[in-house]
Amino acid sequence: MKHLTRRSFSSLTTKGVIGTALFGSIALAKGFTTGQDNKKLGIALVGLGSYSTYQLAPSLLETEHCYLAGIVTGTKEKQAIWSNKYNIPKKNIYNYENFDTIVKNDDIDIIYVVLPNSMHKDFCISAAKAGKHVICEKPMAVSVEECDAIINACKENNVKLGVGYRMQSDPCTHEVKKYVKEKTFGDVLFVSSDAGYVSNGNPDQWRLNKSLSGGGALMNMGVYAIQTSIYGVGQNPISVSAQEFSIRPDYFKDTDETITAQFKFANGAVAQMMTSHNANGNRLKVHCSKGWFELDPAHSYGPISGRTSNGNTIEFPFKKQQALQMDDFAKHVLLNTENIAPGEMGKRDMIIVEAIYKSILEGGKEQELSLGNLGIVS
């Protein structure tokens with residue numbers, strides 16, 4: 001896998017290939033000022049693309065245990081905009097050339113890597129070596145080998161590692177897991193999960209560039225469908241087979257467009273997933289021996305909701321998933337609570353991703369999965 005240097009990445013950001021410009025302004029909530037509460041952990045966002053701009057940064061105005069303390073960007077214009085909008089002091093603003101000096105900054109407790117997938121490994125390892133706890137945006141990396149490198153670096157430097165699986169913090173996900181664990185609707189028999197959208201944007205975007213993304217729909221939306229397939233059953237799969245489809249090869253020249261996959265589980269349950277950059281999908285349905293339940297929408301930024309075969313609804317008061325996710329990780333660091341999305345979960349999903357791609361290359365041949373030694377179930 002070809003990796004970008006920090007210098008070449010900075011060049012891409014100035015050309016608009018990575019991220020988008022900031023628009024509008026968000027009022028600072030409830031007297032928020034950088035570092036005002038020393039009980040909160042300071043987070044530095046690495047990469048100020050659309051996800052950081054429109055999801056993570058606004059969510060950090062709603063978090064209880066962490067706050068936006070710093071930024072890392074290769075675009076000078078963004079430095080001033082973000083500094084003014086979020087009251088970030090100059091000493092907490094970094095670029096990709098001086099990122100390593102963040103080790104000296106006590107305001108920064110957690111580094112959240114929000115870069116193209118092929119860059120996750122290098123920046124997560126650098127963050128760990130700087131003694132900072134790490135949140136790595138999903139997918140964790142572009143290979144199982146890179147996942148191992150990140151996990152090992154965090155262990156060697158005695159820092160915590162989490163993956164940006166926002167759905168693991170959503171109360172609807174907790175409710176689904178509860179139904180499965182308590183067998184509210186009996187034994188799980190079949191799970192169906194779809195996660196996709198229609199991409200009509202810039203054909204030069206990094207998600208359509210395999211050297212940056214590591215893959216297409218599967219590496220992006222497919223991770224959600226893998227996750228829901230697993231917590232919809234409550235077990236890790238024991239095998240997977242997969243197929244790939246494309247009807248727009250001129251647009252999806254370098255990455256997968258649509259992938260379907262089938263999982264088998266040790267308890268006899270099966271699951272079917274679909275992920276696509278050319279078809280909308282946003283649903284989880286779990287068929288059980290005594291009924292069914294579903295989330296629809298299931299993977300979007302929320303609010304998500306669902307219903308059950310007994311006529312009940314699945315819904316909770318809305319709070320940004322990203323705020324819940326970052327607070328969960330901050331509590332893990334501060335209070336040693338459960339790490340609900342550890343690095344081993346990211347590695348597990350990458351093992352499954354690699355098996356899906358291998359199955360496709362081998363004409364849909366079933367691939368055995370050995371995931372029990374990871375200690376991660378759902």
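Where a number appears in this text, it was derived from the coordinates with a stated rule and is not lab data. Note that the structure is predicted; figures quoted are calculated from it, not measured. Here Cβ is always computed from backbone atoms with ideal geometry, including for glycine, and neighbour counts include all displayed protein chains.
From least to most packed, judged by other beta carbons within 10 angstrom and beginning with the fewest, W82, W292 follow the order W292, W82. Where a Cα-Cα gap under 18 Å defines reach, which aspartates and glutamates qualify for K358, not counting those fewer than 8 residues away within the same chain? Candidates past the 8-residue exclusion: E145, E146, E244, D254, D256, E257, D349, E366, E368.
The value of relative contact order for the chain, using C-alpha pairs under 8 Å at least six residues apart, is 17 percent.
Give K138/K331; K155/K319; K210/K365; K90/K210 a once-over and call out the pairs whose C-alpha atoms are over 28 Å from each other. Violating the 28 Å Cα-Cα cut-off are K155/K319; K90/K210.
Here the chain is described by how far its Cα atoms reach on the three principal axes: 58, 43, 41 Å, from widest to narrowest.
Run down the lysines and flag those whose C-alpha is under 17 Å from the C-alpha of K177, throwing out any fewer than 8 positions away in its chain. Correct list for K177: K285, K290. From least to most packed, judged by other beta carbons within 10 angstrom and beginning with the fewest, V198, V377 follow the order V198, V377.
The label point for E62 and the one for A279, both projected 7 Å from the Cα toward the Cβ, are 3.2 nm apart.
With semi-axes defined as the square roots of five times the eigenvalues of the C-alpha gyration tensor, the equivalent ellipsoid of region 61-130 measures 19, 15, 13 Å, largest first.
Under the simplified labelling scheme, the E77-E182 pair shows an inter-label distance of 5.3 nm, with each label point 7 Å from Cα along Cα→Cβ.
Against the chain, whose longest principal axis is taken from its Cα atoms, helix 120-129 shows a tilt of about 60°. Note on K129 and K290: with the Förster distance fixed at 45 Å, the Cβ-Cβ geometry gives a FRET efficiency of about 0.30.
Over what distance in Å are the Cα centres of region 207-233 and region 299-334 separated? Here the two parts' Cα centres lie 20 Å apart.
For the chain, the mean residue ellipticity at 222 nm estimated from helices alone is -8500 deg cm²/dmol, where every DSSP H run of n ≥ 4 contributes -39500 (n - 2.57) and the total is divided by all residues, rounded to the nearest 500. Within the straight-line cut-off of under 14 Å between alpha carbons, the aspartates and glutamates reachable from K76 are E97, sequence neighbours fewer than 8 places apart in one chain being disregarded. Measuring gaps between exposed loop sites in the chain (trypsin sites (Lys or Arg not before Pro); DSSP loop; at most 10 other Cβ atoms within 10 Å), the longest gap, sites not included, is 40-378.
Sorted fewest first by neighbouring Cβ atoms within 10 angstrom, C124, C154, C172 come out as C172, C154, C124.
Fully extending the segment from L334 to Y54 would add 98.2 nm, taking 0.36 nm per residue of separation and subtracting the current Cα-Cα distance.
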